[in-house]
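Since every read-out is calculated from the coordinates, none of them should be taken as a lab result. Computed from a predicted structure; not experimentally measured. Glycine also receives a Cβ, built like all others from the backbone with ideal geometry; neighbour counts cover every protein chain displayed.
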Number of protein chains: 4
Amino acid sequence: MADTERRHHGNRHGRSEAARQAVLQAADDLLAEKGFAGVTMEGIAARAGVAKQTVYRWWSGKTAVLVDALVEDLAEDLTPPDHGLLALDLPAYLAQLAHVLSATDTGAVFKALIAQAQHDPAFGAGFRARYLDEQRRRDRLPLERAVARGELPAGIDVAAETDRLVGPLYYRVLVTDEPIGRDYTDRLAHDFLDRVLHERGPAAPR
Amino acid sequence: MADTERRHHGNRHGRSEAARQAVLQAADDLLAEKGFAGVTMEGIAARAGVAKQTVYRWWSGKTAVLVDALVEDLAEDLTPPDHGLLALDLPAYLAQLAHVLSATDTGAVFKALIAQAQHDPAFGAGFRARYLDEQRRRDRLPLERAVARGELPAGIDVAAETDRLVGPLYYRVLVTDEPIGRDYTDRLAHDFLDRVLHERGPAAPR
Amino acid sequence: MADTERRHHGNRHGRSEAARQAVLQAADDLLAEKGFAGVTMEGIAARAGVAKQTVYRWWSGKTAVLVDALVEDLAEDLTPPDHGLLALDLPAYLAQLAHVLSATDTGAVFKALIAQAQHDPAFGAGFRARYLDEQRRRDRLPLERAVARGELPAGIDVAAETDRLVGPLYYRVLVTDEPIGRDYTDRLAHDFLDRVLHERGPAAPR
Amino acid sequence: MADTERRHHGNRHGRSEAARQAVLQAADDLLAEKGFAGVTMEGIAARAGVAKQTVYRWWSGKTAVLVDALVEDLAEDLTPPDHGLLALDLPAYLAQLAHVLSATDTGAVFKALIAQAQHDPAFGAGFRARYLDEQRRRDRLPLERAVARGELPAGIDVAAETDRLVGPLYYRVLVTDEPIGRDYTDRLAHDFLDRVLHERGPAAPR
DNA sequence: CGCTAATCGAGACGGTACGTCTTGTCTTGGC
DNA sequence: GCCAAGACAAGACGTACCGTCTCGATTAGCG
């Protein structure tokens, strides 16, 4: 029976899942509608039909709510493809990452939070531990799989190479705010493959 | 003469330079001491020994004050070197940029403002027009000079190549918050030179 | 049997007397320690080691708890003496009343509740019906006994005369907050006796 | 010209009289409409069309606002009459006092505040110093004038006698909540006059 | 040399959001 | 059926800043 679905108003065995979802949704909506400054604890509570105290009971502030909302939304939006061939996976993933960051609500939440990380170092530490490390693992997956497949030399510094691939994307998204076309991400991927795959060829005599 | 230096209380012929300097200094100090959240118009005015209205008369908000403070400080902190040789200029500039961004008060102000640009798109547009375009011109100088000298082929896309060089630095500063060592910037510079200078060798048949 | 005395956590046979006593005691203590504002349903429950719901199950609010606490304590604190002579009973009772009101915990509870009766007329009606009428009967006892003994004329308006005797005491306790010495109560009693006992002398021609 | 009447929004030369009046009126209205519990700082500010901070700037809490409202309203509502004859002044004043206390908005404010004085001794001290002493001086005026006129013996204890006259009124208003008719106040006045004026007659041989 | 106009410090104003507190209701599982 | 535990919606608390305003003092050039 739909026993666990019943609306309830608190009990000793934990929080209300309905309230949790309403809060996360309200925060997401407010950010999309009114921007980061328009997201307030008061507004979240009102929009979610929830008491302010209920928000404060489970989250320390609006950024904490947004982090939860982001984590919830992100894993599904950004799954690295796996075609078994780096030449296919890498450009596809870079294009997907660029799109999510620059053109989705999820990307807006990410930008708001990475911004807050600049303003508040303590939050930044928590945010990076909670979310970013996971994201960076995702970013590294294409190269790691290629190493496992033998497409790339085992000695390659996957972390550093990944930084150099995604860095320019984040730079455009966060700093220059320029659109990122498919040609840009393709060129990043192509030059990386070119450099790495032929490194031990004609580049040797340098 | 020292005439205009005198502390004064208003006159019909323009603003008080003393008040302006006091405000910029107060904003800088507050950011360094208490972080972005600790910078308030009220606090700036109090610390500067100035009326709130005086701040509002000349700046639209705390971010506008910080932009002025940043512009004042930045040009001098970050002048691209010119040794006449890209292999010297490029690593030096990347290292200098990394240092300013990650380890100086000027870098802290920059991070606070680029963060605010995420939160407030209107501010972002103004900030990029007012400050960032100038900064990107500085970033492109080493490559442009090399093109002018004939060190690099004339057809190279200087803007795109610069993005790929500085992107990873901003990525580390803004996103991952990892320290950037001299070896990292040197490796970026080296690989760029390697790729570009030997491009028309074995890579030709692609 | 001792069965119902055992500390227990719920049973189907009526309320826990232990919980009831703990609640009344907690309310009394909190009032004495922190004043009326320091008495909260939450605080009472916590101090009594009882769930908030248990308090709400049996009392409608903190004032209801205090009323119960007061009723429990009061009858014994304030028993009119009976020496068989009004000239002895009246001054003794007035002094006793003044002392209880102005210098005991019971008096503090009374003051808190009569205050609440001003703030909340509905509570006031209940409080007066529940408690004050009983108290006024006590206050009238000395005069009533004197009438019964023939010390006072049968036609005297006992209620009105009592008001004029105790009114000034309540006035001092509630309004002026001045100490009430034995001489003050003695003088009240003396003048009353003087007036009533000799009324039908020279005052007659009025 | 009506220079000082101009509406203004704060300046360095003191507070807004318009805001002050609006606050006092709002507090009065709320008390009359919704009772003491219905008076909140938030509600006062909203009803007065004033910022909460403005209320807090000038008053420490809702009781402080009510004290000001009371002081403002009271002096005019309760002016002891002066017919030049105690036998006229005293009954008139007692009836006026009874009416104001038991049947006017001013009386409701008084009751709310004297109640708060029971709950909060610190407030009580301030309230008595600020307001009650003045009120007691008013209460004593009829007797004092009679002493000055020679109607009453110079040695009479005006303060104590006043307590015994008004005490029963406050007792009825605060404690028993019974209506006070003109006959009751007349009887109080009459018996006082009777007792005091004929004291040195037939009462002597007792 | 006095008038005029813009700026100055000061600070009260109407607002909004903060994070905390208490109220009274509801739900659960143990006894 | 009562109990302890505690989450819940509601809403007031007192504080901090926001951006606007009014004021009287100060100061420079114009007439």
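Any chance you could give the angle, 0 to 90 degrees and rounded to 10, that helix B:133-149 forms with the longest Cα principal axis of chain B?
It works out to around 30 degrees.
Defining a contact as two alpha carbons under 8 Å apart and six or more residues distant in sequence, what relative contact order in percent does chain B show?
Normalised by residue count, the contact order of chain B is 18 percent.
Hey, which lysines would be in cross-link range of C:LYS52, C-alpha to C-alpha under 26 Å, not counting anything within fewer than 8 residues on its own chain?
Filter leaves A:LYS52, C:LYS34, C:LYS62, C:LYS111.
Working from the alpha-carbon coordinates of the protein assembly as shown, get Rg over Rh, Rh being the Kirkwood radius. Before the final figure, lay out the partial values.
Numbers: Rg = 41.9 Å, Rh = 35.0 Å.
Ratio of gyration radius to Kirkwood radius for the protein assembly as shown: 1.20.
With angles folded into 0 to 90 degrees, how steeply does helix B:86-103 sit against the dominant principal axis of chain B? Use alpha carbons for both and round to 10.
40 degrees
Would you calculate the separation in nanometres between label points at A:ASP183 and C:ALA159, each defined as 7 Å from the Cα along the Cα-to-beta-carbon direction?
In this crude spin-label approximation the distance works out to 10.2 nm.
Which one of B:PRO91, B:PRO168, B:PRO121 has the biggest mean-square fluctuation once chain B is modelled by GNM with Cα springs under 10 Å?
Taking springs between Cα atoms under 10 Å, the residue moving most is B:PRO121.
Between A:ARG149 and B:SER60, what's the calculated FRET efficiency when r is the beta-carbon distance and R0 is 56 Å? Round to 0.05.
For A:ARG149 and B:SER60, the calculated efficiency is 0.50.
Step through the residues of the stretch D:34-39 one at a time and calculate ³J(HN,Hα) from phi using the Karplus curve (6.51 cos²θ - 1.76 cosθ + 1.60, θ = phi - 60°), rounding each to whole Hz and writing x for Gly and Pro.
Each residue of the stretch D:34-39 in turn: 10, x, 4, 5, x, 8 Hz.
How far apart are the C:THR79 label points across copies, placing each 7 Å from Cα toward Cβ, in nm, shortest first?
5.5, 8.4, 10.1
What is the ratio of the Cα radius of gyration of chain A to 2.2 N^0.38 Å, where N is its residue count, to two decimals?
Here the Cα radius of gyration is 1.25 times the empirical estimate.
I need the phi-derived Karplus couplings for the stretch A:110-121: 6.51 cos²θ - 1.76 cosθ + 1.60, θ = phi - 60°, integer Hz, Gly and Pro marked x.
Going residue by residue, I get 4, 4, 4, 7, 5, 5, 4, 4, 6, 6, 9, x Hz, with x marking Gly and Pro.
So the label point sits 7 Å from Cα along the Cα-to-Cβ vector; using that for C:GLN96, what distances do you get to the other copies, in nanometres, sorted shortest first?
Values, ascending and in nm: 4.1, 9.0, 9.8.
Find, among the residues of chain A, the one whose Cβ sits nearest the axis of the rotation taking A to D; state the distance in whole Å.
A:GLU42, 7
Along Cα-to-Cβ, 7 Å out, sits the label point; list in nm, shortest first, how far the one on A:GLU42 is from those in the other copies.
When each copy's label point is compared with this one, the spacings are 1.0, 1.4, 2.1 nm.
Looking only at C:ASP82, C:ASP194, C:ASP139, which one moves most when chain C is put into a Gaussian network model with springs between Cα atoms under 10 Å?
Maximum fluctuation in the GNM of chain C, among the listed residues, is at C:ASP194.
So if each residue of separation counts as 0.36 nm, and I subtract the Cα-Cα distance between C:ALA37 and C:ALA125, what length gain in nm does that give?
29.5 nm
Using just the helices of chain A, give the 222 nm mean residue ellipticity in deg cm²/dmol: DSSP H runs with n ≥ 4 each add -39,500 (n - 2.57), and the total is spread over all residues, rounded to 500. Provide the component values of the computation, followed by the final result.
Details: 10 runs with 135 residues, N = 206.
Helices in chain A give a 222 nm mean residue ellipticity of -21000 deg cm²/dmol.
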